[in-house]
Amino acid sequence: MGTSLGAFPPSSAAGVKLLNGQYEIMTAVPLPGAGGGLPAFAARHQPSGRADLMAVRASPGAPPRANALARLEGEVIPGLLIPLAHGSGPAPEGGETYYVICPEPPGPSLAALTANSSPWSEAEILQYVLRPAAHVLEALKSRGLTHRAIRPDNIFSAGTKNPVVLGCAWAAPPASLQPAVFEPPYTAMCAPAGRGDGSIADDVYALGVTLLTLALGRTPLAERDAETVILTKLSHGGFEALTADAELPPLLADLLRSMLAEDPAHRPSPGLLLDITTARSRRVTTRPPRRAQRPLALNGASAWDARSLAYQIATHPEQGARMLRNGAVTDWIRRELGANQVASTLEELVRWRAREGGPEDRRADSILVLRAVAVLDPLAPPSWRGISLWPDGVGPALAAAMAKGNEELTELRDFIISHAIALWAAQQGNRVDGGTLRQQAQQMELWLRARDGETGLARLTYALNPLLPCASPLLAGRWVVSPAEVLKALEAAAAQPELRRLAPMDTHLAAFIAVRQELQFYLDVWEAARAGPPERLVLAELNLLVALEARHNLGPLPQLSAWVAERAKAALELWHSRSRRAALEQQLQALATGGRLQPILALLDDPTALQADAEGLQNALARIGEIDAELAQIAAGSTERAALAERIGREFAAGATLAALTATLVAAALG
Amino acid sequence: MPKSARRLDNGHPRSLLWAEGALCGVAAALSPPTALLLAGLLAPGLVSLALDGLPGKPVARAVLLAGVTASIASLRQLWLDGTSLDAALNLLEDPLRLGTAWAAGATGWLISELAPIIARLLLDARSLIRAKELRAERERLQAEWNLPASGQPPPSATP
């Protein structure tokens with residue numbers, strides 16, 4: 001599959017947007033089948049000129065695996081397409097998207113190699129597939145990572161006699177692109193985004209199915225739909241369901257029997273797979289699920305064993321809850337499976353349900369189903385209203401639901417608020433780390449708790465998905481995963497008149513900034529301000545943006561400052577003095593072109609000046625009170641004035657005549 | 001109320017009235033021509049003294065004071081002419097003297113009547129000017145602080 005340097009179109013050096021300033025993505029050169037189910041394009045490392053690279057494109061609702069990308073940075077694992085870099089780059093259709101840069105696969109995928117050829121021999125499988133893959137898995141395990149995308153079309157080889165290379169598995173949530181047949185049934189039954197990182201045992205399972213595919217020359221159960229595959233695996237066991245009557249070499253059969261065990265604890269570790277003799281001798285005897293004489297019909301399907309029943313209840317929760325409550329399930333388990341202990345536990349759960357809420361209490365029903373499924377099949381994942389997901393898959397599941405905007409988001413919100421993970425863990429005993437899961441459930445609920453559900457969900461989703469782009473409509477067309485890019489994106493958005501009419505802040509932006517920058521206080525203030533007058537909301541918006549500006553010195557942002565200044569005019573309403581307001585408006589206009597947000601905030605959010613303004617208002621009100629009193633006094637003082645005028649007039653007359661008399665007397669006396 | 005402090009309906013102390021009457025009686029007894037001349041010249045004042053019902057008789061006081069002012073020259077002439085009844089009658093027969101004295105009394109009355117009206121006009125004018133100043137200041141405050149006419153702050157303006 002290698003793309004030689006000569007295959008690249010000449011780079012238009014000027015104006016090419018480089019990923020992280022180093023990688024040129026050749027969107028005109030797609031690499032079909034190289035991205036492990038995702039679109040991939042040829043890429044080139046500009047500084048070194050290395051051209052055997054590819055850029056695997058992520059999609060907005062399925063963020064790349066931040067943990068794996070961080071831990072594999074700078075690592076070298078032979079036999080694995082290690083991520084070299086990741087970041088936003090140009091999308092083929094315009095705008096921005098996110099890419100993970102990996103080395104290009106060395107050749108076609110195993111799926112392509114085996115499409116028209118005979119099955120692989122046992123020796124070829126062991127030497128060229130099992131050993132190199134086990135090395136890679138062991139290396140990943142030692143780093144606390146999983147691959148979760150092992151399948152023939154994501155394993156590559158330079159030729160039939162070459163060790164394989166595991167493909168890119170970093171640009172989408174773990175196992176989200178895996179077909180049901182390559183996943184253990186307990187992962188396959190989950191929502192694609194909710195499968196979680198899982199454990200290396202899940203990779204061993206997928207590797208086992210891949211080996212079986214190569215040995216058979218075809219994908220087992222290929223013609224079945226996902227539900228049938230899951231049910232077949234649950235009722236017959238993974239190995240039996242997948243191999244059916246196929247004849248396999250004894251060594252490979254023994255290996256696959258352990259690799260395809262339902263219980264992850266029973267599967268060999270990658271290190272053990274490197275020592276094939278030991279791995280073969282490590283047989284784990286597991287009893288197949290006890291099969292009933294008569295099935296229990298649920299939603300038109302028949303359950304013959306507890307695991308299938310658990311799956312049916314999980315996928316049809318309303319009917320399952322009804323049958324649990326009316327005792328049909330416990331009767332069947334006691335009568336057909338003879339599992340009295342399980343039946344008693346279920347009866348206890350039903351009694352709890354009766355105490356917990358009325359017949360229409362949907363949440364109590366959901367908890368009953370969650371617990372009952374965990375009792376019936378301890379290996380099953382938590383199940384909530386028809387959605388199954390592993391605890392470490394909650395983040396990507398939320399991201400997917402948020403991108404789709406469907407009611408699944410509401411169900412997931414209830415899942416978290418109800419502490420379903422902790423309730424499920426309580427039924428698991430020692431199988432899981434209950435303390436950690438309880439802590440995780442509490443932490444998620446804390447993130448979720450907000451004044452309004454939308455903000456809480458957005459906050460939780462961004463917190464659990466570090467590489468999830470901000471979904472704000474203001475940033476449409478741009479893939480913003482880091483808060484430093486938010487202001488630049490808003491600067492670009494400010495140039496669009498239709499966006500300029502909106503506020504430069506919304507639920508997604510506020511939650512994104514608060515989570516990525518740990519500005520929880522500002523988010524709380526913003527949320528509180530949303531219920532208040534517009535001027536307070538404008539200041540809260542400005543506070544969030546200024547906090548971001550303070551952390552990332554990006555230089556002047558004239559468009560954004562003008563946008564903010566326009567919006568900030570509403571904040572002038574906080575000032576009562578008209579002359580002060582006019583002066584502020586003039587200053588605001590001057591600052592609008594300055595490109596800085598902090599001075600705008602400092603101008604408007606000045607507590608001392610606001611206090612002085614408030615005191616001025618109080619003084620004015622007091623003075624108006626005095627004026628009104630004096631005016632009332634003047635209006636009512638006519639009688640008093642008349643009396644005073646009478647007195648003054650009379651005194652004046654007396655005084656004038658007396659003065660005249662005195663003057664006359666003096667004149668007479670003088671002669 | 002003590003007997004000595006009792007007053008008439010017009011507020012004039014009864015004892016003072018008696019004293020004035022006695023004084024007039026004594027003056028008339030000592031110099032009848034002078035008393036005659038004064039009675040003639042101050043007749044309007046004496047009439048107004050009887051008619052003035054206001055406390056302190058301010059109108060009568062002004063009329064009498066003005067009349068006395070105009071009678072000084074006639075009194076002086078009487079005393080120069082020997083203070084006889086004939087001289088007093090001659091003086092009273094002079095229409096100019098009599099008219100001057102009475103006109104002075106009328107002037108005193110006029111001043112006494114007009115002065116309260118003018119004072120009232122001045123006081124009202126002063127109040128109007130003050131009210132205008134206050135209204136102007138109120139309007140300026142309303143405009144500056146964005147207050148409704150009622151003077152109460154708008155709901156959002158409450159700090």
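Only one of the listed residues (A:GLY616, A:GLY625, A:GLY594) is over 30 Å from B:PRO55 (Cα atoms) and not in a helix (DSSP H, G or I). That residue is A:GLY594.
The condition of being touching a helix residue (DSSP H, G or I) at 6+ places or on another chain (Cβ under 9 Å) and either among the aliphatic types (A, V, I, L, M) or not assigned by TED's automatic domain parsing to the domain that holds A:LEU207 (or both) holds for only one of A:LEU80, A:LEU84, that being A:LEU80. When each of A:GLY107, A:GLY36, A:GLY79 is tested for being under 30 Å from A:LEU216 (Cα atoms), in contact with a Gly (Cβ under 6 Å, 6 or more places away or on another chain), crowded, with 17+ Cβ neighbours inside 10 Å and of a type in the set (Gly, Ala, Ser), the lone residue that passes is A:GLY36.
Just so you know, in the range B:103-159 the residues that are within 30 Å of A:GLN611 (Cβ to Cβ) and hydrophobic (A, V, I, L, M, F, W, C) include one that is modelled with the lowest pLDDT, and it is B:ALA157.
Would a scan of the range A:503-524 turn up a residue that is more than 14 Å from every other protein chain (Cβ to nearest Cβ) and more than 26 Å from A:LEU398 (Cβ to Cβ)?
At the first step, the residues of the range A:503-524 found to be more than 14 Å from every other protein chain (Cβ to nearest Cβ) are A:503-524.
After this cut, where a residue has to be more than 26 Å from A:LEU398 (Cβ to Cβ) as well, the list is none.
The answer is no, given that none of the residues of the range A:503-524 is more than 14 Å from every other protein chain (Cβ to nearest Cβ) and more than 26 Å from A:LEU398 (Cβ to Cβ).
Under 36 Å from the mean Cα position of the chain (by Cα), among the hydrophobic types (A, V, I, L, M, F, W, C), in a helix (DSSP H, G or I) and in the same structural domain as A:ARG501 (by TED's automatic domain parsing): is that true of A:ALA582 in this structure? So A:ALA582 fails the test.
For the range B:136-146, which residues satisfy the criterion of being basic (Lys, Arg) and more than 7 Å from every other protein chain (Cβ to nearest Cβ)? Passing the criteria: only B:ARG140. If you go through the range A:557-593 and keep only what is surrounded by 14 or more Cβ atoms within 10 Å (Cβ to Cβ), closer than 20 Å to A:GLU491 by Cα and among the hydroxyl-bearing types (Ser, Thr, Tyr), you end up with just A:SER561. The residues of the range A:393-412 that are in contact with a helix residue (DSSP H, G or I) (Cβ under 9 Å, 6 or more places away or on another chain) and surrounded by fewer than 19 Cβ atoms within 10 Å (Cβ to Cβ), listed by number, are A:GLU407, A:THR410, A:GLU411. At pLDDT 95 or above, of a type in the set (Val, Ile, Thr) and either touching a Cys at 6+ places or on another chain (Cβ under 9 Å) or in the same structural domain as A:CYS168 (by TED's automatic domain parsing) (or both), is that true of A:ILE150? For A:ILE150, the condition - at pLDDT 95 or above, of a type in the set (Val, Ile, Thr) and either touching a Cys at 6+ places or on another chain (Cβ under 9 Å) or in the same structural domain as A:CYS168 (by TED's automatic domain parsing) (or both) - is met.
Any idea which residue in the range A:634-671 is nearest to the other protein chains (Cβ to nearest Cβ), counting only those that are of a type in the set (S, T, N, Q) and either within 14 Å of B:ASP124 (Cβ to Cβ) or touching a residue at least 12 places away in the same chain (Cβ under 8 Å) (or both)? By that ranking, first place goes to A:SER638. Sub-6 Å Cβ pairs linking a first residue in the range B:121-134 that is more than 7 Å from chain A (Cβ to nearest Cβ) to a second residue that is exposed (fewer than 14 other Cβ atoms within 10 Å of the Cβ), at least 6 apart or interchain, number zero. Among the residues of the range B:64-83, is there at least one that is at pLDDT below 90, of a type in the set (Asp, Glu) and farther than 25 Å from A:PHE652 by Cα? So far as the range B:64-83 goes, yes, one or more of its residues are at pLDDT below 90, of a type in the set (Asp, Glu) and farther than 25 Å from A:PHE652 by Cα. Do we have any residue at all in the range A:565-583 that's more than 30 Å from B:ALA136 (Cβ to Cβ), within 14 Å of chain B (Cβ to nearest Cβ) and not β-branched (Val, Ile, Thr)? Checking the range A:565-583: at least one residue is more than 30 Å from B:ALA136 (Cβ to Cβ), within 14 Å of chain B (Cβ to nearest Cβ) and not β-branched (Val, Ile, Thr). Checked against the criterion of being surrounded by 15 or more Cβ atoms within 10 Å (Cβ to Cβ) and under 27 Å from B:PRO148 (Cα atoms), the candidates A:LEU597, A:LEU604, A:LEU658 yield just one match: A:LEU604. Applying the set (1) closer than 30 Å to B:PRO116 by Cα; (2) free of Cβ contacts under 8 Å to residues at least 40 places away in the same chain; (3) of a type in the set (A, V, I, L, M); (4) away from chain A (no Cβ under 11 Å) to B:LEU23 leaves exactly one unmet item: (1).
Give the number of residues within the range A:394-424 that are basic (Lys, Arg) and under 23 Å from A:VAL373 (Cα atoms). Step through it out loud before you land on a result.
Start the filter on the range A:394-424 by keeping residues that are basic (Lys, Arg), which leaves A:404, A:413.
Cutting the leftovers down to under 23 Å from A:VAL373 (Cα atoms) gives us A:413.
Residues meeting the conditions: 1.
The single condition among (1) closer than 30 Å to B:SER112 by Cβ; (2) within 9 Å of chain B (Cβ to nearest Cβ) that A:GLY625 does not meet is (1). Of the listed requirements (1) buried (at least 24 other Cβ atoms within 10 Å of the Cβ); (2) part of a loop (DSSP other than H, G, I, E, B); (3) among the polar types (S, T, N, Q), A:THR219 misses just one: (1).
Could you name every one of the helices (runs of 4 or more DSSP H) located completely within the range A:460-556 that has at least 3 residues being surrounded by 15 or more Cβ atoms within 10 Å (Cβ to Cβ)?
Working: elements: A:483-493, A:497-500, A:507-517, A:520-530, A:534-551.
The helices (runs of 4 or more DSSP H) meeting that bar are A:483-493, A:507-517, A:520-530, A:534-551.
When A:SER344, A:SER308 are checked against the criterion of being among the hydroxyl-bearing types (Ser, Thr, Tyr), assigned to a helix (DSSP H, G or I) and free of Cβ contacts under 8 Å to residues at least 60 places away in the same chain, a single residue qualifies: A:SER344.
Here A:SER157 passes the criteria (1) in contact with a Ser or Thr (Cβ under 7 Å, 6 or more places away or on another chain); (2) surrounded by fewer than 24 Cβ atoms within 10 Å (Cβ to Cβ) except the one numbered (1). Considering (1) modelled with pLDDT of 90 or more; (2) over 16 Å from the mean Cα position of the chain (by Cα), the lone condition that A:GLN427 does not fulfil carries the number (1). Hey, any hits in the range B:90-104 for a residue that's crowded, with 16+ Cβ neighbours inside 10 Å and facing chain A (nearest Cβ under 9 Å)? Yes, the range B:90-104 contains at least one residue that is crowded, with 16+ Cβ neighbours inside 10 Å and facing chain A (nearest Cβ under 9 Å). Being crowded, with 21+ Cβ neighbours inside 10 Å, assigned to a helix (DSSP H, G or I) and not aliphatic (A, V, I, L, M) is a description that applies to A:THR187. For the range A:239-260, filtered to residues that are at pLDDT below 90 and either not assigned by TED's automatic domain parsing to the domain that holds A:ASP275 or not in a helix (DSSP H, G or I) (or both), the residue that is farthest from A:ALA188 (Cα to Cα) is A:PRO249. Look at the range B:52-69: where a residue is more than 7 Å from every other protein chain (Cβ to nearest Cβ) and surrounded by 23 or more Cβ atoms within 10 Å (Cβ to Cβ) and a partner is among the aromatic types (Phe, Trp, Tyr) and not in a loop (DSSP other than H, G, I, E, B), sitting 6+ places away or on another chain with Cβ atoms under 8 Å, you get B:VAL59/B:TRP109; B:VAL63/B:TRP109; B:GLY67/B:TRP102.
Across the range A:42-76, the qualifying residues are those that are under 20 Å from the mean Cα position of the chain (by Cα) and part of a loop (DSSP other than H, G, I, E, B), and the one among them that is surrounded by the fewest Cβ atoms within 10 Å (Cβ to Cβ) is A:PRO60.
The values are calculated or read from the model by the stated rules, or taken from the named source; none is laboratory data. From a predicted model like this one, the values you see are computed outputs, not experimental measurements. Here the Cβ is made from the backbone with ideal geometry for all residues, glycine too, and neighbour counts use every protein chain on show.
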